[in-house]
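The values are calculated or read from the model by the stated rules, or taken from the named source; none is laboratory data. Since this is a predicted model, take the numbers as computed values, not measurements. Here the Cβ is made from the backbone with ideal geometry for all residues, glycine too, and neighbour counts use every protein chain on show.
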Amino acid sequence: MSISISTAATRTAPVGRMNRGLRWTRTVPLTCICILGLVWCMPLQASDTKVSFDIPSKVECDDVTPAHCREMHPTMKVVEAKFRISASFVEGQEASAVDFIYVISSPDMRLNVLDFLPNTTLESSTAEDRIEVTDSTENSDATSGDARVSYSLLSIGTAKNLSSKKTEQNRYQKIAPKHLVLASGTVNRGHGVFYKLRPSHDGSLEGAKEFAVLCFVPQNWRGDWCTVICSARANKKSTLSTSIATAGMEVAHVGLYLAGDREASQLADALTDIQLANSGLLSRHLRKEASQSVDLMHAIPTNQLSRMPASDRLFNVVKFKSSPRPTSLETAKKKLLDIQHRFRELAGRDESFH
């Protein structure tokens with residue numbers, strides 16, 4: 001089926017004729033027009049996935065120094081910090097998710113990571129990570145013979161059939177192939193950790209996750225602060241293609257304090273308050289500054305994150321200098337730098353360790 005489209009135009013007539021307005025007709029298949037109309041009317045993005053993260057305002061740390069470590073390093077101690085971070089799908093489904101990345105780092109490089117949980121995890125799609133394989137071999141041999149002597153009235157004959165069958169069966173188990181569902185390791189030259197989570201059959205990316213970190217700090221350590229970066233990626237479908245895009249991101253300074261230290265706890269509260277003041281002005285600024293670094297973080301292969309230079313922008317994204325401009329944002333930055341300086345005094349310092 002086709003339709004005609006009339007188009008008016010003016011062109012020069014051949015020599016010897018007068019110029020005049022000509023009108024001609026083009027025939028265009030109706031199918032082409034329908035396809036073009038659908039492409040024009042359909043939105044560029046067919047589906048969106050948005051993920052929201054909730055980062056704790058502060059984290060209480062416990063002194064978990066082993067006895068043998070205390071004897072070997074009398075000027076140091078080991079503290080444990082547990083970060084409980086929640087993720088929720090505001091729009092879209094988990095089926096479109098590609099991966100979630102969590103980074104906990106010490107920009108001032110005062111927290112030396114000893115260990116962390118959870119560790120790298122592999123998952124298989126079979127029960128007990130085993131596949132049972134059965135090999136069967138069957139041999140059959142049949143022989144038949146028939147001898148007959150007969151007359152027209154009498155019939156004398158013999159028949160003989162021989163058969164044999166042999167079956168062999170072997171059973172064994174193979175290790176099922178496994179897929180990486182959680183990768184974790186240190187970053188910033190051992191002064192931070194990262195966790196990269198992927199969709200799995202056994203768990204969900206949505207919900208609360210707990211990340212535990214053991215840090216080696218001076219004996220007089222009372223508190224400090226760290227940077228927490230959360231990022232989610234998902235498949236973004238459009239009319240003509242599918243790509244991977246950022247589905248959500250959150251960045252925050254989180255205060256750490258030793259259990260029972262009231263002054264350090266109040267300082268951690270002040271660190272949260274300054275980020276949420278003025279309708280979250282500073283928090284939005286930190287998120288904006290971190291957006292390019294988060295893209296870089298996703299582009300770096302997982303096995304190379306731990307080898308990133310300590311001075312790389314990825315782990316210093318929220319370290320900035322104050323500016324003399326009298327704006328609300330600059331005022332918030334100045335207050336934040338003051339709180340960070342007070343935390344630096346609480347963090348202590350062991351010269352023999354550094």
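Which condition number does ARG70 fail, the rest of (1) basic (Lys, Arg); (2) outside any loop (DSSP other than H, G, I, E, B); (3) in contact (Cβ under 8 Å) with a residue 40 or more places away in the chain being met? Unmet for ARG70, out of (1) basic (Lys, Arg); (2) outside any loop (DSSP other than H, G, I, E, B); (3) in contact (Cβ under 8 Å) with a residue 40 or more places away in the chain: (3). Exactly one residue out of PHE100, PHE116 is under 22 Å from VAL251 (Cβ atoms), within 16 Å of the chain's Cα centre (by Cα), modelled with pLDDT of 90 or more and assigned to a strand (DSSP E or B): that is PHE100. Taking each residue of segment 327-338 that is crowded, with 18+ Cβ neighbours inside 10 Å and looking for partners that are among the basic types (Lys, Arg) with beta-carbon atoms closer than 9 Å, six or more apart or interchain, yields LYS333/LYS321. If you go through segment 73-97 and pick out every residue that is more than 27 Å from LYS236 (Cβ to Cβ) and either assigned to a loop (DSSP other than H, G, I, E, B) or of a type in the set (Lys, Arg) (or both), you end up with 6.
For the criterion of being in contact with a helix residue (DSSP H, G or I) (Cβ under 6 Å, 6 or more places away or on another chain), among the small types (Gly, Ala, Ser) and surrounded by fewer than 17 Cβ atoms within 10 Å (Cβ to Cβ), SER86 fails. Under the condition of being aliphatic (A, V, I, L, M), under 19 Å from VAL64 (Cβ atoms) and surrounded by 14 or more Cβ atoms within 10 Å (Cβ to Cβ), the residues counted in segment 257-278 number 2.
Every residue, every condition in (1) part of a loop (DSSP other than H, G, I, E, B); (2) of a type in the set (A, V, I, L, M, F, W, C); (3) under 28 Å from the mean Cα position of the chain (by Cα), yes or no:
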{"residue": "ASP224", "(1), (2), (3)": "no, no, yes"}
{"residue": "ILE229", "(1), (2), (3)": "no, yes, yes"}
{"residue": "LEU240", "(1), (2), (3)": "yes, yes, yes"}
{"residue": "ALA245", "(1), (2), (3)": "no, yes, yes"}
{"residue": "MET249", "(1), (2), (3)": "no, yes, yes"}
{"residue": "VAL254", "(1), (2), (3)": "no, yes, yes"}
{"residue": "TYR257", "(1), (2), (3)": "no, no, no"}
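With (1) surrounded by 20 or more Cβ atoms within 10 Å (Cβ to Cβ); (2) modelled with pLDDT under 95; (3) closer than 20 Å to TYR195 by Cα as the list, and THR49 as the residue in question, which single condition is left unmet? With respect to (1) surrounded by 20 or more Cβ atoms within 10 Å (Cβ to Cβ); (2) modelled with pLDDT under 95; (3) closer than 20 Å to TYR195 by Cα, THR49 is out only on (3). Here CYS61, CYS69 are screened, and the one residue that is modelled with pLDDT of 95 or more and surrounded by 14 or more Cβ atoms within 10 Å (Cβ to Cβ) is CYS61.
For every residue, the table says whether it meets (1) among the charged types (D, E, K, R); (2) surrounded by fewer than 22 Cβ atoms within 10 Å (Cβ to Cβ); (3) within 30 Å of ALA97 (Cα to Cα).
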site: ASN220; (1), (2), (3): no, yes, no
site: ILE229; (1), (2), (3): no, no, yes
site: ALA234; (1), (2), (3): no, no, yes
site: ALA245; (1), (2), (3): no, yes, yes
site: LYS288; (1), (2), (3): yes, yes, yes
